[in-house]
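The structure appears below as structure tokens.
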Amino acid sequence: MKTEKTHLYAIPLENVESEHCAMIVDKGLQSVKGIASHKVELNNKQAIIESEKPEIAIPDAVKAIRDLGYDVSTTTQTIPVLQMTCASCAVSVESVIQFLPGVVAASVNYASAEVKVEYIPSLVSLNKMREAVQSIGYDLFLNQSDVNQETLEDIHTRKQKQLKIRTFGAIILSVPLVAIAMFFMNIPYANYIMWVLATPVIIGFGKDFFINAWKQLKHRSANMDTLVALSTGVAYIFSVFNTLFPNYWHSKGLHAHVYFEAAAVVIAFILLGKLLEENAKGNTSSAIKKLIGLQPKTVTVINQENIQTQLPIEQVTVGMTILVKPGEKVAVDGIVVQGSSFVDESMLSGEPIPVKKEANDKVFSGTINQKSSFQFKAEKVGTDTMLSQIIKMVQDAQGSKAPVQKMVDKIASIFVPIVIGIAVLSLIVWIIFGGQDGFTQGLLALVTVLVIACPCALGLATPTAIMVGVGKGAEQGILIKDAESLELAKKIDTIILDKTGTITKGKPAVTNVVWTEETESLKQILLTIEKQSEHPLAEAVVHFYKEVKTVDIQHIESITGKGVKADFNGQNYFIGNQKLLVENNISIDKSLEKNASEWLAEAKTVIWFTDDKKALAVIAIADEIKETSIEAIKELQKMNIEVYMLTGDNSNTAKAVAEKVGIRNFKGEVLPKDKADFVKELQAKGKTVAMVGDGINDSTALAQANVSIAMGKGSDIAIDVAKMTIISSDLTKIPIAIKLSTKTVNTIKQNLFWAFIYNIIGIPIAAGILYPINGFLLNPMIAGAAMALSSVSVVANSLRLKYYN
């Protein structure tokens with residue numbers, strides 16, 4: 001029902017191609033709460049909804065549409081956020097963006113100072129988001145083109161410089177303030193001198209705390225700036241009052257205390273803590289900086305007349321021939337066309353040994369030429385290069401939130417109001433039970449509680465550890481796509497390995513062929529069929545018979561998990577495994593069968609070439625086991641992880657390979673769907689399953705697994721589906737990834753412990769809980785220093801991960 005508060009919103013639809021689809025979507029929207037009315041316009045490809053609470057109804061509608069198998073046209077962008085000072089700032093920014101109609105999801109990472117937002121461009125613009133964020137005291141940096149990337153750096157540099165000036169200015173003025181307050185209180189006009197010294201610190205160097213707190217107040221929210229502004233503001237105003245009207249307290253028989261030094265020193269300590277925190281946070285993203293630094297600025301291009309020209313990397317296009325001299329970095333991805341050399345690919349793969357590159361070998365942006373000059377043709381440039389994609393993947397992962405962070409965000413959002421409540425309660429209790437000095441002592445307790453209870457450390461605990469952990473993984477050739485996978489990997493108790501390309505090198509070669517009747521025409525038919533097959537083993541046969549000519553075969557049919565069938569001149573031919581032969585009643589000569597048995601015992605894969613009556617040839621194909629596979633599997637078993645091997649290969653070959661690498665649990669002749677079903681079966685038993693694979697046939701199982709790991713030299717689909725990618729295809733990286741996960745999660749736990757323990761111990765002491773026992777009251781200055789130290793200690797603890805080997 002339409003009311004004055006409801007508005008209409010058009011949600012753009014994708015894949016809704018018929019009235020039936022439109023009806024399904026319309027029906028699906030009925031179950032979404034908060035939608036007053038709805039209709040789907042097939043011609044305009046949009047769903048019109050009417051709602052009073054679009055900030056809830058639109059994301060729920062998008063989810064409902066996607067759950068039905070359709071999609072909504074959205075855009076996802078990562079935007080730097082400026083001027084955030086604590087975890088509750090991140091919560092405020094996230095809330096204000098999420099509240100805008102048209103925003104599907106928003107997630108702010110305080111450590112990387114970025115918001116990742118998915119939105120419907122026709123409903124909300126980036127400028128609208130920026131206005132909303134500016135209204136609560138922060139800002140978004142919207143222009144992120146390459147040209148403007150330096151501008152963002154300039155902003156950070158300028159802010160850093162201003163922070164340094166404010167910090168050192170506050171410290172310089174605070175030193176004489178403390179000296180007067182502690183040793184020279186009785187000099188003439190001491191209070192006035194301290195007032196003069198404290199004022200520039202409070203309303204000059206510390207003015208941002210008050211401005212931001214006011215903006216928060218206007219939106220009925222609070223953050224760390226609120227705590228600082230309240231505590232130092234109360235101390236300052238109270239001191240000014242006592243300086244101007246000391247007789248008010250004297251008439252009550254009390255001394256007119258001033259706390260100018262406390263207010264100024266708290267500001268100085270907090271600014272110092274922020275400065276140290278910013279420097280430490282910069283170090284957490286050093287892995288990204290290293291990767292970005294691998295891209296050279298200029299390249300040497302060779303034209304058709306063999307003339308060399310220096311060009312900026314931005315002007316390189318696909319197809320250009322580029323010269324790489326010894327010691328230079330490869331600028332873009334390409335294929336070697338002339339010369340040979342050894343190339344250091346360690347920053348991409350983590351492997352320290354340089355790789356030989358010669359004609360037709362691929363080279364990648366960011367790798368370093370070690371020896372001779374060579375020329376290569378550019379195949380991928382700009383954001384398409386592997387290095388650019390790795391940088392984006394690492395940035396996305398560093399910006400993502402681990403599941404534990406959601407709990408921390410909830411705590412941070414209610415933390416500040418609770419602290420303000422505790423501070424006010426302390427003041428009241430002191431006034432009631434504190435005797436003559438109850439008000440002044442209560443005021444001191446209020447200030448100290450507000451100062452010590454900074455949620456900064458809480459906000460930094462998880463993201464800084466994730467940033468360092470993901471960066472550390474990237475340095476070792478382990479690409480982690482999101483924080484959730486990094487957090488989950490430590491729980492892996494079962495790992496499933498694909499055989500071909502995962503345990504083995506994935507470069508199968510024909511080792512034996514026995515024919516019943518070897519003729520040129522049969523070899524041509526065999527080669528032609530295999531050339532059109534997508535199976536990895538077919539390439540080995542094609543390579544073996546590369547000198548043989550092909551024939552014209554039009555009809556070739558793939559039989560999933562078994563082989564292929566072809567029709568040539570009215571005769572059917574089959575290439576595949578023994579199951580295919582049995583199903584088609586094809587007879588096998590005993591001598592061929594004997595050969596096949598011997599090869600299977602040697603862990604070779606056997607394929608058959610037949611017509612529709614009898615086997616014509618048996619072919620043995622061997623795929624060498626990787627040098628590191630046995631060591632990696634042994635290491636995983638030492639970590640009490642149950643290792644399985646699944647393969648589409650026949651059971652005898654699977655058994656032989658499993659025995660060679662030390663795997664007790666294996667299954668052969670497994671179809672792609674069976675792999676996913678096996679993962680489900682293990683998950684139903686309560687196992688946390690990791691699937692490791694490299695092929696398209698592994699993608700379903702990869703999607704089903706709790707943690708999916710793709711081998712870097714595998715198919716693009718497998719890499720897209722998997723949450724982790726081992727660039728070098730070296731299985732020993734998997735135990736390293738699991739250990740890195742354990743280390744990162746432990747670091748997060750330690751960080752959260754320190755963040756909480758500071759507050760759990762500090763807040764009651766600041767409120768004066770020890771005073772009745774031993775007369776101890778915490779000085780606000782010490783509280784300020786402790787608060788700054790808590791953030792620095794959390795970031796420093798995360799940085800220890802960088803030195804984990």
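Among helices (runs of 4 or more DSSP H) entirely within the range 720-802, having at least 2 residues that are touching a Phe, Trp or Tyr at 6+ places or on another chain (Cβ under 8 Å) and closer than 17 Å to Ala402 by Cα singles out 733-767. Considering the range 179-269, the qualifying helices (runs of 4 or more DSSP H), each wholly inside and each with 2 or more residues that are open to solvent by 30 Å² or more (accessible area, probe 1.4 Å) and in contact (Cβ under 8 Å) with a residue 12 or more places away in the chain, run over 190-199, 207-218, 224-244.
Set side by side, the residues Thr3, Thr78 differ, and just one is assigned to a strand (DSSP E or B), at pLDDT below 85, of a type in the set (Ser, Thr, Tyr) and touching a strand residue (DSSP E or B) at 6+ places or on another chain (Cβ under 8 Å), which is Thr78. So is Gly662 touching a helix residue (DSSP H, G or I) at 6+ places or on another chain (Cβ under 8 Å), in contact (Cβ under 8 Å) with a residue 12 or more places away in the chain and surrounded by fewer than 16 Cβ atoms within 10 Å (Cβ to Cβ) or not? For Gly662, the condition - touching a helix residue (DSSP H, G or I) at 6+ places or on another chain (Cβ under 8 Å), in contact (Cβ under 8 Å) with a residue 12 or more places away in the chain and surrounded by fewer than 16 Cβ atoms within 10 Å (Cβ to Cβ) - is met. So is Ile738 in contact with a helix residue (DSSP H, G or I) (Cβ under 8 Å, 6 or more places away or on another chain), under 30 Å from Lys507 (Cβ atoms) and open to solvent by less than 50 Å² (accessible area, probe 1.4 Å) or not? Considered against the rule, which asks whether it is in contact with a helix residue (DSSP H, G or I) (Cβ under 8 Å, 6 or more places away or on another chain), under 30 Å from Lys507 (Cβ atoms) and open to solvent by less than 50 Å² (accessible area, probe 1.4 Å), Ile738 comes out as yes. Considering only residues of the range 126-171 that are at pLDDT below 90 and among the hydroxyl-bearing types (Ser, Thr, Tyr), which is least open to solvent (accessible area, probe 1.4 Å)? Across the range 126-171, the extreme among qualifying residues is Tyr138.
In this structure, Ile553 qualifies as assigned to a loop (DSSP other than H, G, I, E, B) and not hydroxyl-bearing (Ser, Thr, Tyr). Condition check: farther than 30 Å from Gln683 by Cα and either within 32 Å of the chain's Cα centre (by Cα) or open to solvent by 40 Å² or more (accessible area, probe 1.4 Å) (or both). Does Gly459 satisfy that? Judged against the criteria, Gly459 is a match. Are any of the residues in the range 669-683 at pLDDT 85 or above, open to solvent by 30 Å² or more (accessible area, probe 1.4 Å) and either at positive phi or in a loop (DSSP other than H, G, I, E, B) (or both)? Looking through the range 669-683, none of the residues is at pLDDT 85 or above, open to solvent by 30 Å² or more (accessible area, probe 1.4 Å) and either at positive phi or in a loop (DSSP other than H, G, I, E, B) (or both). Tallying residues that are more than 48 Å from the chain's Cα centre (by Cα) and either in contact (Cβ under 8 Å) with a residue 12 or more places away in the chain or not in a loop (DSSP other than H, G, I, E, B) (or both) within the range 559-580 yields 5. Pairs meeting the criteria (first residue in the range 623-652 and part of a loop (DSSP other than H, G, I, E, B), second residue among the charged types (D, E, K, R) and surrounded by fewer than 16 Cβ atoms within 10 Å (Cβ to Cβ), beta carbons under 7 Å, at least 6 apart or on different chains) are Asp623/Lys507; Ile641/Asp493. Starting from residues that are open to solvent by 30 Å² or more (accessible area, probe 1.4 Å) and farther than 13 Å from Ile136 by Cα, keep the ones in the range 73-98 and report whichever is farthest from the chain's Cα centre (by Cα). Within the range 73-98, the match that is farthest from the chain's Cα centre (by Cα) is Ser73. Could you please find all residues in the range 328-346 being open to solvent by 10 Å² or more (accessible area, probe 1.4 Å) and over 23 Å from Ala474 (Cα atoms)? Ile335, Val337, Gln338, Gly339, Ser340 - these are the residues of the range 328-346 that are open to solvent by 10 Å² or more (accessible area, probe 1.4 Å) and over 23 Å from Ala474 (Cα atoms).
Only one entry of Ile49, Ile65, Ile24, Ile79 meets the criterion of being in contact with a His (Cβ under 6 Å, 6 or more places away or on another chain) and not small (Gly, Ala, Ser), and that entry is Ile49. Does any residue of the range 83-93 turn out to be out of contact with any His (no Cβ under 8 Å at 6 or more places or on another chain), at pLDDT 85 or above and either of a type in the set (Ser, Thr, Tyr) or part of a strand (DSSP E or B) (or both)? No, there is no match, as no residue in the range 83-93 is out of contact with any His (no Cβ under 8 Å at 6 or more places or on another chain), at pLDDT 85 or above and either of a type in the set (Ser, Thr, Tyr) or part of a strand (DSSP E or B) (or both). Just wondering, is there one or more residues in the range 422-440 that are under 27 Å from Val792 (Cα atoms), in a helix (DSSP H, G or I) and open to solvent by less than 30 Å² (accessible area, probe 1.4 Å)? Among the residues of the range 422-440, at least one is under 27 Å from Val792 (Cα atoms), in a helix (DSSP H, G or I) and open to solvent by less than 30 Å² (accessible area, probe 1.4 Å), which makes the answer yes.
The values are calculated or read from the model by the stated rules, or taken from the named source; none is laboratory data. This is a predicted model, so every value here is computed, not measured. Please note: Cβ atoms are built from the backbone with ideal geometry, for glycine as well, and neighbour counts cover all protein chains shown. Only protein heavy atoms, including side chains, enter the accessible area calculation; ligands, DNA and RNA are left aside. Shrake-Rupley method; radii C 1.70, N 1.55, O 1.52, S 1.80 Å.
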